[in-house]
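For reference, the structure is listed below as structure tokens.
The values are calculated or read from the model by the stated rules, or taken from the named source; none is laboratory data. It should be emphasised that the depicted structure is a prediction, and the values quoted were computed from it without experimental measurement. Every residue, glycine as well, gets a Cβ built from its backbone with ideal geometry; the counts of neighbours run over all protein chains shown. Quick note on the areas: whole protein, heavy atoms, side chains included, nothing else; ligands and nucleic acids left out. Shrake-Rupley method; radii C 1.70, N 1.55, O 1.52, S 1.80 Å.
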Amino acid sequence: QVHLVESGGGLVQAGDSLRLSCVASGRTFSRRAWFRQAPGEDREFVAAILWTTSDSPVIAESVKGRFTMSRDNAKNTVYLQMNNLKPEDTAVYYCAAAASGWEVSDPARYDYWGQGTQVTVSS
């Protein structure tokens, strides 16, 4: 059985940093990604990594320069480092994983999802 478990969310002030973690179990994946969803909004792509290559992560333009994604293969874990957080980054952040394929930014192309972790940035 596949499990994705996120951690690391919280309430911070604008300009602060947070690091989210997502531990996976149950199988290997072709892609791991982070999405976020603010109230009343669609789920938005944040970052993704192709698990079977050494390519650099793909980062959404909206967070490029502030967010980075990294991995620990031994722990089957991905991280989302979020720096210089802004109030508009407030959302539930979800970890996702795909069994196959290469499309990184479409949430419909992911097979497994974590339960989400709340990130709230106050001004």
Here the relative contact order (percent) of the chain, from C-alpha pairs under 8 Å and at least 6 apart, is 36 percent
Distance in nm between residue 55 and residue 13 label points, each 7 Å along Cα→Cβ, equals 4.0 nm
Measure of exposure for residue 58: accessible area at 1.4 Å probe, Å² rounded to 10, is 70 Å²
Using a 1.4 Å probe on heavy atoms of the protein chains only, the accessible area for residue 51 in Å², nearest 10, reads 40 Å²
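Rounded to the nearest 0.05, what FRET efficiency do residue 77 and residue 109 give with R0 = 25 Å and r taken as the Cβ-Cβ distance? Could you check?
Numbers: r = 21 Å, r/R0 = 0.85.
Calculated value: 0.70.
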